[in-house]
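Notes for the one structure printed next.
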Amino acid sequence: MSVAESLKSKLIRYAVNVTPVFRATGAWITHVSADMRTVKLKLPLKLKTKNPLGTMCGGNMYSAVHGIYLVMLMKNLGKEYACVDRLSIIKFLKPGKSTLFAKFELTQMEIDQIKALVEKNGKIDREYIVKLENSNEVVCGEVTCTVNIRKKRIEQK
């Protein structure tokens, strides 16, 4: 279930969309829920995102989704947790011949489970699969993102 955007989440969406690094992907974040647990993006097929075959460039697909779960986790877990991208793997399943869409979701149960596992094990790796689909819901690419999560060390003075 997607929560509506707040003014703060709209500002975050705008800020990300105008950063040069994200703009270079060709993607647009279209929704950030107020609780930062749902993010949606679209990746239009245009001159900037086409490969020589006229389909979506794999690099654009990968870079458009890279880091989204990382930021969502950082915002939802709080400042006492450190999150780092560990690994990302992309699978090309069908040629992207049109605009692609992706949805990222976290639940409260997932967040609670992460906190409990980190408390028990010190750190964990968490995998998330992002599907890049066309408007007919055909999956053209799938990115598996692995995020390492641990508690931050408190430095003594």
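Bear in mind these aren't lab numbers, they're just calculated from the coordinates by the rules spelled out. Here the structure is a predicted model, which means the values were calculated and not measured. Heads up, the Cβs are rebuilt from the backbone with ideal geometry, glycines too, and the neighbour counts pull from every protein chain shown.
Pick from Asn17, Asn76, Asn121: which residue has the top mean-square fluctuation in a GNM of the chain where Cα pairs under 10 Å get a spring?
Among Asn17, Asn76, Asn121, the largest GNM mean-square fluctuation belongs to Asn121.
Given the pairs Lys94/Lys120; Lys40/Lys115; Lys48/Lys103; Lys10/Lys48; Lys48/Lys91, which span a C-alpha to C-alpha distance of over 30 angstrom in this model?
Lys94/Lys120
Can you list the DSSP H helices in the chain whose Cα atoms extend at least 18 Å along the helix axis and whose mean Kyte-Doolittle hydropathy is -1.0 or higher?
Result, helices passing both filters: 108-121.
Under a straight-distance cross-link criterion of Cα-Cα below 13 Å, which aspartates and glutamates are reachable from Lys8, leaving out those fewer than 8 residues away in the same chain?
Result set, ordered by chain and number: Asp35.
Over segment 1-78, what number does the Rg to Rh ratio reach, with both radii from the alpha-carbon atoms and Rh per Kirkwood?
Dividing the radius of gyration by the Kirkwood radius yields 1.02.
Taking Cα pairs under 8 Å and at least six residues apart, what relative contact order does segment 7-151 come out at, in percent?
24
What is the set of long-range amide H partners of Glu5 at a cut-off below 5 Å, with H atoms built 1.01 Å from backbone N?
Long-range HN contacts for Glu5: Ala34.
With 10 angstrom as the radius, rank Leu70, Leu132, Leu11 by how many other C-beta atoms surround their C-beta, starting from the fewest.
Exposure proxy ranking, most exposed first: Leu11, Leu70, Leu132.
Per the helix-only calculation at 222 nm, which mean residue ellipticity applies to the chain, given -39500 (n - 2.57) for every DSSP H run of n ≥ 4 and division by its residues, nearest 500 deg cm²/dmol?
-9000 deg cm²/dmol
Could you list Met36, Met61 in order of exposure, starting from the residue whose Cβ has the fewest other Cβ atoms within 10 Å?
Met36, Met61
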